[in-house]
Amino acid sequence: TIISTNEGHWHEECFVCVQCFRPFKDDPSQESVFYEHEDRPYCHNCYTVNFAPMCFTCGGWVIGRVIEALDVKWHPECFGCYMCGAELCENGFFKHNGRPICIDCHDLLKKRKMHICNKCDTPIEDYVLWHLKEPYHPYHFSCQICYKPLDSKIKEKDNTYYCQLCYDTEIQDVCAACKKAIDGRAIKAVDKAWCPEHFVCYACERPLTGEKFMLHEKVPYCQFHYTKLFGVRCFYCDNRSSMQVIKVLNKNYCENHFFCSGCDTLLEEQKSKVIEMDQKPYCRHCYDKFPADMRRKLLETANAAAKNKKATMKKDKEKKASLKKKKEDKKKADKEIMNATQAAS
């Protein structure tokens, strides 16, 4: 038997699929069904797997007529309006949210100014949630904290969605003064947040936004009241200062008032050699002018003070070591008693 096709003639035993080499009919009483691609015959299964497009709607292979629209392929019966389901292969259509829509539905949406949910394909009549530039019903998303479906009172931060309650209590900043959620701009300092109008001096309630302020026990003060209430009193000028002070000989000095008691030279705590005499600071130049006996006496006094300080530190260290050893011995004895009790029981 010879089989003739548009491309030539075949022996019956040679007319097989070029992919799987199987004959095109299992039942000799039936006619052979095959598909051609680039002048080569294929069986139904091999042609479908290798060359048939996949329908965008049903996911099945498209054999025969193919509708190609919106950069995808469809069965003719699957290419329909995604709102009302009307077939579109013989009629015009519009693109809406990347999907085909019939003329009637398009006119209806345009008239009502409505959006179509990208998940359920139904009109959105209330609040529209835009995610990746696509419209959605809010209830298709859940709060990232309580996992409850969202409603129209939706809050967003860093592309994450929250319900109103969780956003106010967990995400949004709360003013440290009025204890209410801050909707707009917040001022943050010392691990707290304030409304701009509530960030004021604790003493005079002067606004501190954009101003220099000082903190005392994590409470903000303007510079004037901080100095007045908590500033350190300078031994020289008897004024309080909020700036850095020099503490020498159990006294505090402003940086500009730390003078040598002999020549009034301004001393620098880090660079100048400060020598104490009668609880007063002297520079090295004035010290060299003291009589030799006085300098020897000052040196002996300083050495004795240093020796006493060293002896005190050594004594304290020995005391701490003794206490530590007693604790360890007691702990060891308690453990031995516990082990003996367990062994006896």
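Along Cα→Cβ, 7 Å out, is where each label goes; now give me the distance between the ones at Lys315 and Ala343 in nm to one decimal.
4.4 nm
Per residue of the chain, what 222 nm ellipticity follows from adding -39500 (n - 2.57) for every DSSP H run with n ≥ 4, rounded to the nearest 500?
The helix-only estimate for the chain comes to -8000 deg cm²/dmol at 222 nm.
Evaluate the distance, in nm, between pseudo-label points positioned 7 Å from the Cα of Glu156 and of Leu323 along their respective Cα→Cβ axes.
Calculated label separation equals 6.1 nm.
Which one, His37, Ser261, Pro53, projects farthest toward the positive side of the charge dipole computed for the chain from Cβ point charges (K/R +1, D/E -1)?
Ser261
Suppose R0 equals 56 Å; then what is the FRET efficiency for Leu266 and Lys179 from their Cβ-Cβ distance, rounded to the nearest 0.05?
Here the calculated transfer efficiency is 0.70.
Between Thr122 and Glu134, what is 0.36 nm times their sequence separation minus the Cα-Cα distance? Round to one decimal in nm.
Full extension from Thr122 to Glu134 adds 3.0 nm.
Counting every Cα pair in the chain, what percent are over 33 Å apart?
Tail of the P(r) past 33 Å holds 72 percent of the pairs.
In a shell of Cβ-Cβ distance under 14 Å around Lys307, excluding Lys307 itself, what net charge do Lys and Arg (+1) and Asp and Glu (-1) give?
Taking every Cβ under 14 Å from that of Lys307, the sum is +3.
Test of understanding: what is the full-extension gain from Glu87 to Lys218, defined as 0.36 nm times their sequence separation minus their Cα-Cα distance?
40.2 nm
To the nearest 20 debye, what is the magnitude of the charge dipole of the chain about its Cα centre, counting +1 on the Cβ of each Lys and Arg and -1 on the Cβ of each Asp and Glu?
Approximately 4900 debye in magnitude.
Readers should treat all values here as calculations from the given coordinates under stated rules, not as data from a laboratory. Keep in mind that what you see is a predicted model, and the values were worked out from it rather than measured. Please note: Cβ atoms are built from the backbone with ideal geometry, for glycine as well, and neighbour counts cover all protein chains shown.
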